[in-house]
Structures are given as structure tokens and as C-alpha cells.
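What follows draws every value from the coordinates through simple rules; no lab data is involved. Keep in mind that this is a model prediction, so the values were computed, not measured. Cβ atoms come from the backbone with ideal geometry, glycine included; neighbour counts cover every protein chain shown.
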Amino acid sequence: MNRIPATFYVNGVRRDLLVDANALLFEVLSDDLGVSGVHKNCDRGDCGVCTVLLDDEPVLSCLMLALEARDRQITTIEGLAKGQKLHPLQRHFVEEGAIQCGYCTPAMILTAKALLNACPHPSAEDVKEGLSGTLCRCTGYNKIITAVLAAAKESE
Amino acid sequence: MLETLNVVGARMPLPEAYEKATGRATYCSTMRLPGMLVGKVLRSPHPHARVAKVDYSKAESLPGVAAVVSGQDVKSKVYTKNVMTYQLPGGEIQDMTLFGDRVRYKGDEVAAVAAVDEPTARRALSLIEVEYEVLPAVFTVDDAIAEDAPVIHDFAPDNTPVSAVPTFCYGDAAKAFEESAVVAGGWYTTSKQIQAGMESAACVADYQHGKLTVWSQSQLPHMAKRMLAHVLDLPEADVRVIQPYAGAGFGAGCDLNAEPIAAVLAMKAGAPVQVWYSRDEDFNNRLTREHVAKVHMRVGLAADGTPKALEAHYWGDAGSYMCKTASGCGVALASNITPYEWEAMDQKLSATYTNHVGGGAMRGFGGMQSSFVRETIVDEAIAQLGMDPIEWRMKHHRNVGGLGWFPSARITSCALEECLTIGAERIGWKEKWNKPQSGTKRRGVGVACMAWLSGAQPMLLEHSNATLKFNADGSATLLVSPGRVGQGVEGALAQIAAEVLTIPYERINVIAGDTDITGFDIGTHASRGVYCIGKAVLAAATEAKEQFLQRAAEKLGLSNDTLVLEDGVISSTADQNCFVTLEEIALGLIYGFEHDCNQIVAHATVEPEDFAPPWQAGFAEVEVDIETGVVEVVKWITVHDIGRAINPSTVEGQLEGATCQGMGFALFEDPVISLSDGYMLTDGFDKYKIMSSVDLPDHEAILVEMGDPSGPFGAKSVGEAGLFLQAPAIANAIYDAVGIRLRDLPMTPERVLAAIQAKEAGV
Ligand code: FES
Ligand code: FES
């Protein structure tokens, strides 16, 4: 198959690759670029655990062709902490006990980040609404909601 | 009130949470080893057939294919994916053969390939030629027990290898029913719920120099290792199971998935192989919840409410392989024993084969089917006597010293009355219960109770090993072997060790997840982690403390019993200025120059004997729309008798997450099996709904901490306990709202509406 040259900006770092025209963003991130924090479950837009940010907007990496993300900024969970310093959302997820198996966590935190960008002072209902595209089988969501609200409060 | 402790009882962040929050945590599905191949399984398109011939020569010669395997590549060994079989002296039914000559459900394993990438692997699967002799198939228990039903396993000609076996009976039930003023009961059905963790089944295998390493989501790694050695005909010493983090367990990790297949592929290919199920493959082939297809139960109460008799027959639909269906029914019967003081009990269980995916285990194993049926029937009988369901439960529950699950088990502690009192107050029971409702939306409240277990004792093999190894700076490594499914037990175990040793939580580094490193443990199931492994950690830490005291006594020239350990310092009770720190002792034992180096390593094996049930009361307030049958949960409260919460945040998290799964079981998680080929039609999250954040009702978990005399620092279990009561309490609340009794799960709007209409029609 024809491999196409493409440039991606992953967590601020320029990456030049040859990608298959039909390769999905998930495949390029996890197989070609070794990004371990992007997870996948359903392959068809039902679960949200494959979420990454594209120019700060959440997208489902299992449904998006890699070439659609060409020349754009992709943020994965690896891009949030500065060295050993966790992003406030990460820190509150850890401290509130909002992480159990952690498989949904990268998607939850990235989605929450986009939510707080758009809506810096959300209510609990806003958070529920904003995170509704990502499933979590473990936590019952309460502690996730608390963590997001705490992170929002911190940036006030 | 329990005494306040330093580390135990604190809301500590989990050690693994940092890796998980930063995307650095490794899961089987995120592993990318150098040279790793993609493994794919060829599955039977027929629900029942004889495999006459498999020819994979074309697949083998496809470029990019490294290995193809089928029956001819493996020794034909009878085994079971249910590795808990090792916990019973005689084992459980073993009825599987890897790539055998018979397939028993649509999806059964026929062959497998390993290739450089997924498209190549899929193409290779399509090139494998298989000749099947198709056999008739059955998909329900009723069809499977019919006279002319096809035989699914030759050793069970009536398809029911476990048939009406009396279990946990005592007293004269017939007489007790005769003496009852009210008798309630009937037939009930429950669903084959799916564990549905966010990571589908995944594993990686590698075979080098005669040694097999398998990275597995198993919750029971040591027993998984033993079964892998058996089915692959390898010495156990040559099999190593490593557990990366698993994207949830909920029982799905109690059974093997594709580990044997990945191993056979890796051995033939000479390269690591990853098998990662797609979502629909996972729904259709991963063993589901133990499936108690139907239950018949009756209870009798005396005119004053005294519990007279409980009689039950639990009938499991095993699907194609027995795995945990019979044991799930057994656990259901056992867990019917503890809550109330029945004068007599008469229970039996059956399990029947059918041609769909087998039943494994899911969180709340057997207890789901026990609590839903028992708690709704009891509610019905109480209502017939015109009594308050909370007062009845307050009065008639068993108590300390009463019968546990098994004849030899006695209850060690019980805070059910506190749970009921707190929950009733919180939900507003007095104001809301039994109030006439009108209009199209009607509200009601309901309650249910249960008593679960803390570990697999005394029925099953139950023991844990814990080892503490001290570094020169006085910190320690703690070796334990639980499942790594997100339950947070590793943090709680570190808290127990830190508490005993009076050192900070961060100074205990937990190492788990490798059978070559950790001591034997039966792993994570039976809500055993904090209680059972915790007891082993407590014993190991106590032993380490003794070693420190001994050494301090030698250094200070005093006797052990005149010394105390506080805040990491051992000092003389007589003279405060006479002290030595743990750090100094640890350093001297490793980098000492007096020819007496002796690193402190403490090890303990603990086989718990006590039966320490966590008790719980669950409260639901619902609103039922009588025009649509839609049930909205307005409020949910779990009040849990935890004994002592080692980490309250983790305990709440377990209960809150379980609440969502319990609501799914109660209201909308509905696996639909095709009656034409046994395939699971609900094979994705678009068809099989699980709770999302917008579906979330107002819910909370409240902990009652009164201590248990046998638990580590008074702790009892939590893992499974949080999802037993949603179904019965919601069903009882629906009765309070609209006066109908529902006997089938899930309570979908269709079922609710049909029952409302039947009631109105006076049927
Ligand atoms: S993997 Fe489920 S939405 Fe992408
Ligand atoms: S923490 Fe397990 S899926 Fe969310």
C-alpha cells in the first residue's frame, strides 16, 4: 500500500512519518509512535477510552484517520505533566481516588481538560455532561466528578 | 469507637495511581515487545459441530505469517479455564480441550495464527480450511433437558451433570412451612451479566530457552500458572505469569482467556505473541457472569414474623463449558444462609449445558442471585403480615456467633442494625415508606440486606504469603500476589505494614504481579484481598518488628520486653534517652562491619479460619412512570459494615463503582443470546448499555466502622459487596410505588409496564 509522508505534532514534538492512507490515529500513536497512554476498547466510537486532543478538542482516535491529524497538535496524556509535576487534573484524580483500573483515566483527564478550557467553572451537572462520552466501569464516576471540580476550583 | 491509628484509616493515594494518571502504566493491551506478533483466533461458525479436518497449509504460506496452530499442534489434555478448580480437594468439572475435535458454541476455538500485523493475521484466518460435521444445538435450559436434546458433553448424557444436589440443608422444612402463617415465593430469572471492563481480554506470551512467560490479566496468577503448565504439558517451573495492570477484572480475570493459545503460538513462532480480543469477540467469548438461569424459592414466616423456612432450587445455565456455573449456584445457596435466622433450610442446585458461551465469574458471584430473589420474597412475606421491612430485618437477622455460610462457620461481627438505622434516617424512610401514590409518576422506597464473606475459607483452599524485605535505609519492599485489577488493595496492604512498623506509607514499596518473585496466593476473588492478604501482611510485619526489637535489644543491651517501637524509633520504656532508630538497625544489618550482617526479611503464610461477614443495607428511592414503565432511581444509599476502612477512599470507590454495576444488573444490562445460534447479539456498548456519567443517579456510600475481632486492624471485606442490593431494593421500592412484584431481571420498562398493566387488569 502507498505510504504517505505526514507530519504530526505530538505533545509539542514534531514527528515526521510515512503512514498508510487508511491508518487510524490510534494505530499511528500506539504502534508507530509508542504512545502507551492511548487506550482502545470498542473501535467504533462507543466507549471513548481512545480519546486524545486534536488542537485542544477531544477526538476519538479509533475513528479518525491519522492523515486527518496531519500538521495538527495532538495531545495525549503523556503531554500533561511537566517533568515530575503533575497537571492539576492528574493530581486531583490521584488524590481523590478517582483512578481504579485506570484504563479510562487518560481519556477522562483529557476530556476534562477540554471541558475546563471551554467551561472553567463547571457545575457537577456540567461535568457529568462533559464526560458522558467516556465510559468508566470501575469508579461510579463520583470521585471523577469531585476531582474535576477540585481542579477547576484550584485554577480560580 | 475504634481507636485512631496513624496510617490505617487515612485516605492515601494509591501507589499505582501516578503511573495510571500519566499514561505510563502498562497493560497487556498496551505492551509492544520487540518483534511481537499479532495473534488471532479462528472461531467456530457453528454452535455445535464435530471438527472433521483442519488444513492450514495455505495460511502458513502467506507472507507475514509466523505460525498457525490447531489441534495437531497440541497435546490433547482435558482442562478448564476455571483455574479455581485447584481450590477444591477433588477439583471442579474439567471439560475443555484446547482446539479439540468438537466445538460447542459459535465462537469456540478451532485454530489460531500469529502474523506481523492484524490485516495479515485476519487474511490468514480466512485461508484456513475447516470441515465441520454440524450437530443439532440447544440454547436454553428447558430445551437442553428435553427428552431428545442433543448431547453436548458425552459424559453428561442428560446435559445436566449437576442435578438437584441438596446443599446446605438443615431442620425440617416441610414442618416449618406447615407452621408458617404466610408463604411467599415463585420462579425467578436473572441475567448473564457481562463484566465489561474497559480493556478487552488481552495477553502476551513469549517462549525462550525452554521457559514460557505469559503476561496475563489473571486475578489468580499462581493458579493460572499451574493450569497453563498442565494444558501445555510443561513443568510448572518453566511457566511464569506476569500481571501488568488489568483494565478491570470484576471476575473476568478469574478464568483464563487466550493465554494457552498465545503460548502455543509463541512456542511455534519463536517470537512474542499478543492476543487482544476485539470488543465483540470479548462479549461473545469471554466467560460471562455465572449464569443462574432460573430460581425457585419459597419462604415461610410465622404470624409474629419469625422466619420459619427457606426453600430454594438454583438452576444454572452453564453454556458450553461448566467453568463456574455450578459453583456460582453453590455460593448463591451458601449466601442465603447468613442474613436471617431460619428454623429450617432446604436448598438444592442444578447446572445444565447449552450451546452458548460458558459462565465464568463476575463480582458478586452467586450473591447477586441470592440477594435479589431472597430479599424480594422476604419483602413480599413481610408485606403480607403488614410489618415494616426495616423493623423485621432489625429483629430477625443472625448475629455474632450465628451461622455463617458453611456449617463450621460462625459470624465474628455484625453491624447490620447500625447500617439499617443510618440508611433509614438518610433516605427518610418514616416519611416516605408506604405512602399512597397517585398520578402518572409514583414514588416509593425499598430496602434490602445481605451478609457476604471475607475470603474463601473455610470451604476452599485459602491462603496468602507476604514477604517484607528491608533496605539499608529502613524502608521495605512488600511482596504479595493479588490480582491487579484496579481494586486498590496494594495501597491498603502497604498501610497495614506501615502501621505495624510505625513508618510512613511511602516507605513500603509493594511489588506484585510476577509468579517468579511473589509467594503463592490464591489471588483476587471472594472479596479476600484486605482481609486475607492483609492478615498475611500483618503477620509478616509483626515478625519483622520482632526482628528489629531483637536486634535493638542486642545493641542496647536490654531485653526485648523493655522496648517499644514508636515513629520508627525503638526505645527503652525505662529510659527515653536509650534508643535506636529502625533506620540505624537496618543499615547496620546490611552495611555493618562487625561480621553480623543479616538483612531483615520477614515472611508469613496465613490461612484464615474465621468467617467475618461484611453486612450491608441498601436503600433505593424510585419514581415509576406508570405510562411508560420507566423506573428512575432518585436516590441510592449503600450503608456498609466494613469493620474498619484501611483506606476509606478506596472502600467508597469500590462501593460507588459497584452501585453502577448493580443498577445495570437491576435495570438495563441485558445480554441477549440468539435462540437460533446462541450468539450474543448484544456484542457492543451500543447494544449492551452500561452506566455513563449522565445516567448516574444521586448515589452515596456510607461506612460503618465497628471493628471485627479477626480482621487486620478490624477490617472486613468490600470488593464485591457493593452491588448485591440494587436489584432487590429497587424491586421493593417499585412495589412500594406501584404495588407490583417483579421476578425477572433486568427490570426493563417493558417488564415493568407489563406488570403494571397485568395488575390493573386484575391478572
Ligand atoms: S475505542 Fe471506543 S470509542 Fe474509540
Ligand atoms: S477506572 Fe477502570 S474504567 Fe475507569
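Placing dummy labels 7 Å off each Cα toward the beta-carbon, the span from residue B:595 to residue B:126 is 7.7 nm. Take every Cα pair under 8 Å whose residues are at least 6 apart in sequence, average their separation, divide by the length of chain B, and the relative contact order is 16 percent.
Over the stretch A:3-79, the pair-distance histogram of Cα-Cα distances with 5 Å bins from zero comes to 3, 18, 32, 28, 15, 4, 0 percent, rounded to whole numbers. The stretch B:135-159 to the stretch B:196-255: how many Å between their Cα centroids? The two parts, judged by their Cα centres, are 32 Å apart. Shape of the stretch B:236-304 from the C-alpha gyration tensor: prolate (a/c of 1.5 or more and a/b above b/c, with a ≥ b ≥ c the square roots of its eigenvalues). The stretch B:656-681 and the stretch B:3-17 have Cα centres spaced 35 Å apart. The ranking of B:296, B:291, A:121 from fewest to most other beta carbons within 10 Å of each one's beta carbon is A:121, B:296, B:291. Placing a pseudo-label 7 Å from each Cα along the Cα-to-Cβ vector at residue B:50 and residue B:702 gives an inter-label distance of 6.4 nm. When the alpha carbon gyration tensor of chain B is reduced to an equivalent ellipsoid, its three semi-axes come out at 42, 39, 22 angstrom, largest first.
Out of the DSSP beta bridges found with both residues in the protein assembly as shown, what percent are antiparallel (nearest 5)? Taking every DSSP beta bridge with both residues in the protein assembly as shown, the antiparallel ones total about 75 percent. Counting other Cβ atoms within 10 Å of each Cβ, which GluC sites (Glu not before Pro) in the stretch B:327-385 have at most 15 and sit in a DSSP loop? Counting only loop positions with at most 15 other Cβ atoms within 10 Å, the GluC sites (Glu not before Pro) in the stretch B:327-385 are B:341. Here the extension length gained between residue B:759 and residue B:550 equals 67.8 nm, from 0.36 nm per residue of separation less the Cα-Cα distance.
With the convex hull of the Cα atoms taken as the outline of the stretch B:651-713, the averaged projected area works out to 7.1 nm². Shape analysis of the stretch A:11-145 yields a ratio of the Cα radius of gyration to the Kirkwood radius, Rg/Rh, of 0.96. The HN-Hα couplings worked out from phi for the stretch B:391-405 by the Karplus form 6.51 cos²θ - 1.76 cosθ + 1.60 (θ = phi - 60°) are 4, 4, 5, 4, 7, 10, 6, 6, 9, 3, x, x, 5, x, 5 Hz, whole numbers, x standing for Gly and Pro. Rounded to 0.05, the FRET efficiency of the residue A:15 and residue B:627 pair, given R0 = 56 Å and the Cβ-Cβ distance, is 0.50.
Taking one quarter of the surface of the C-alpha convex hull of the stretch A:88-154 gives a mean projected area of 3.7 nm².
Remark: A:78, B:3, B:632 ranked as B:3, B:632, A:78, counting other beta-carbon atoms within 10 Å and listing the fewest first. Under the criterion of Cα pairs below 8 Å and six or more residues apart, the relative contact order for chain A equals 23 percent.
Applying 0.36 nm per residue to the separation of residue B:400 and residue B:687 and subtracting their alpha-carbon distance, the gain on full extension is 98.8 nm. Taking A:27, A:57, A:95 in turn, the Gaussian network model of chain A (Cα-Cα springs below 10 Å) assigns the largest fluctuation to A:95.
Evaluating 6.51 cos²θ - 1.76 cosθ + 1.60 at θ = phi - 60° for every residue in the stretch B:578-589, the Karplus couplings come out as 9, 8, 8, 8, 4, 4, 5, 5, 4, 4, x, 7 Hz, glycine and proline recorded as x. Loop-located trypsin sites (Lys or Arg not before Pro) in the stretch A:9-45 (DSSP state other than H, G, I, E, B) with a sparse environment of at most 15 neighbouring Cβ atoms within 10 Å: A:44. The phi torsions of the stretch B:640-656, fed into the Karplus equation with coefficients 6.51, -1.76 and 1.60 and a -60° offset, translate into couplings of 10, 7, 8, x, 8, 8, 5, 10, x, 5, 5, 4, 4, x, 4, 5, 5 Hz, rounded to whole numbers, with Gly and Pro shown as x. Take every Cα pair under 8 Å whose residues are at least 6 apart in sequence, average their separation, divide by the length of the stretch A:88-154, and the relative contact order is 52 percent. Shape call for the stretch B:1-139 from the C-alpha gyration tensor, a ≥ b ≥ c root eigenvalues: rounded (a/c under 1.5), prolate (a/b greater than b/c) or oblate? Oblate, because a/c is 1.5 or more while a/b does not exceed b/c.
Excluding residue B:456 itself, what net charge comes from residues whose Cβ is under 10 Å from its Cβ, given Lys and Arg +1 and Asp and Glu -1?
Computed value for this residue: 0.
Taking label points 7 Å from Cα along the Cα-to-Cβ direction, residue B:303 and residue B:542 give a separation of 5.3 nm.
May I ask for the Rg/Rh ratio of the stretch B:546-614, computed from Cα atoms with Rh as the Kirkwood radius, given to two decimals? If you can, show how the numbers build up before the last one.
Values: Rg = 15.5 Å, Rh = 13.7 Å.
Checking Rg against Rh, the ratio lands at 1.13.
P(r) tail, the protein assembly as shown: Cα-Cα pairs separated by more than 36 Å, 50% of all pairs.
Ordered by the count of other Cβ atoms within 10 Å of each Cβ, fewest first, B:449, A:42 give A:42, B:449.
According to the Cα-based calculation, Rg over Rh for the stretch B:267-307 is 1.50, with Rh computed by the Kirkwood formula. Take each residue in B:22-34, count the other chain C-beta atoms within 10 Å of its C-beta, and the mean is 5. Between the C-alpha center of the stretch B:394-457 and that of the stretch B:612-641 there is a gap of 12 Å. Where in the stretch B:206-274 are there chymotrypsin sites (Phe, Trp or Tyr not before Pro) that are in a DSSP coil and have at most 15 other Cβ atoms within 10 angstrom of their Cβ? Nothing satisfies the criteria. The calculated Kirkwood hydrodynamic radius for the stretch B:316-419 is 15.3 Å, given to one decimal from all distinct C-alpha pairs.
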